[in-house]
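Worksheet: one structure, shown below.
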Amino acid sequence: MKIGLFYGSNTGNTEINAGLIKKELDKVDPNMCDIHNIGLVDVKKMEEYDYMIVGCPTWNVGELQDDWAIKFDSLNDLKLKGKKIAMFGVGDQFGYGDNFCDAVGILGYRFEARGAELVGFTDGRDYQYTNSAAVEEGVFLGLVLDDDNQNNLTDERIDYWVTDLLYEFGIKSA
């Protein structure tokens, strides 16, 4: 089983976190995950995978990262029914607390509209923010990371999240 990991990154933070996620997956099987910079591939590549991890930082005031923004409309052409997608995002909960990690919600809802099942939800209680399009009933629609203010928690959060994903993707059993 292959997992497609797709990310977009302007400053390099999301790319670094995508690499950390892949590193955790490689501990289980070094051939399990293919990593793709969305700025360099066609979004149709996503249809090749039944299991995906998608990373996007929230840019400016609640906007998608540049590469995802450019390709956003083309996501409408994807056939994602039956596919599982886990989202991760990078944001600044203190500087942008009114739209913390909105990109996770913006992309996640688009993927759901195309038939995908979102997995990998995380608890929102360990963050301080006012509003986020990535939250439903106190739960983030994926992993959210704040490398500006909580960088010391990133590795641990990724480790736990990837472990949970392996179960949600059916790679490991309980």
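Each reported figure results from applying straightforward, stated rules to the coordinates on display, with no laboratory input. Nothing here was measured: the structure is a model prediction, and the numbers come from that model. Every residue, glycine as well, gets a Cβ built from its backbone with ideal geometry; the counts of neighbours run over all protein chains shown.
Quick rundown of the values:
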{"quantity": "Links that overshoot a 19 Å alpha carbon limit, given the list Lys2/Lys44; Lys27/Lys172; Lys23/Lys83; Lys23/Lys45; Lys45/Lys71", "calculated": "Lys23/Lys83; Lys23/Lys45"}
{"quantity": "In range of the label at Asn131: residues from the stretch 41-80 whose backbone nitrogen is under 12 Å from the point 7 Å along Cα→Cβ", "calculated": "62"}
{"quantity": "Cleavage-rule hits, chymotrypsin sites (Phe, Trp or Tyr not before Pro), the stretch 31-140, DSSP coil, Cβ neighbours within 10 Å at most 15", "calculated": "Phe72, Phe94"}
{"quantity": "Shape of the stretch 73-113, Cα gyration tensor, a/c cut at 1.5", "calculated": "prolate"}
{"quantity": "Separation of the Lys2 and Thr163 label points, Cα + 7 Å toward Cβ, nm", "calculated": "2.9"}
{"quantity": "Rg in Å to one decimal, and Dmax rounded to a whole Å, for the chain via C-alpha atoms", "calculated": "14.6, 40"}
{"quantity": "Normalised contact order of the stretch 3-168, rounded percent, pairs of Cα under 8 Å and 6 or more residues apart", "calculated": "22"}
{"quantity": "Gained length - Lys71 relative to Asp29, 0.36 nm times residue gap less alpha-carbon distance", "calculated": "12.1 nm"}
{"quantity": "Candidate aspartates and glutamates for bridging to Lys81, where Cα separation is under 16 Å - those fewer than 8 sequence places away on the same chain excluded", "calculated": "Glu47, Glu48, Asp50, Glu112, Glu117"}
